[in-house]
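Read the structure below first, then the notes.
The values are calculated or read from the model by the stated rules, or taken from the named source; none is laboratory data. These numbers come from a predicted model, not from an experiment. Cβ sites come from the backbone with ideal geometry, for glycine too, and all protein chains shown count toward neighbours.
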Amino acid sequence: MLDPRHPASTPAAPSRRPLPPAADEVLDTRGLAEYLGNSVETLARWRKEGTGPAWIAVTPRAIRYSMASVQAWLAERTRTHTAA
């Protein structure tokens, strides 16, 4: 019998990954960094270098990314083998 007073006897909640953002959704830098598993600083560097996904400057400090652009950028980088 499970005793709620003892955490070890409480079953763990099932682990659920959040659904990926919809193609028409817009993410801020933090949201995209979390989605990609990168840091906010990496995204800033990619913007400066022009190597990351296309971005939208709502204001100079409010950067957004459309998921359609992010998905296109990811598709360009999809590889099936290591040969050049």
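If you take the residues of the range 57-84 that are surrounded by 14 or more Cβ atoms within 10 Å (Cβ to Cβ) and β-branched (V, I, T), which of them is farthest from the chain's Cα centre (by Cα)? Once the filter is applied, the top-ranked residue is I63.
Take R45 and tell me if it is out of contact with any helix residue (DSSP H, G or I) (no Cβ under 6 Å at 6 or more places or on another chain), outside any helix (DSSP H, G or I), surrounded by 10 or more Cβ atoms within 10 Å (Cβ to Cβ) and modelled with pLDDT of 95 or more. Outline the logic, then answer.
Numbers: out of contact with any helix residue (DSSP H, G or I) (no Cβ under 6 Å at 6 or more places or on another chain): yes; outside any helix (DSSP H, G or I): no; surrounded by 10 or more Cβ atoms within 10 Å (Cβ to Cβ): yes; modelled with pLDDT of 95 or more: yes.
The answer is no for R45.
Between A54, A23, A13, the distinction of being modelled with pLDDT of 95 or more, surrounded by fewer than 14 Cβ atoms within 10 Å (Cβ to Cβ) and part of a loop (DSSP other than H, G, I, E, B) belongs to A54 only. For A8, the criteria (1) modelled with pLDDT under 95; (2) part of a loop (DSSP other than H, G, I, E, B) hold in every case but one, which is (2).
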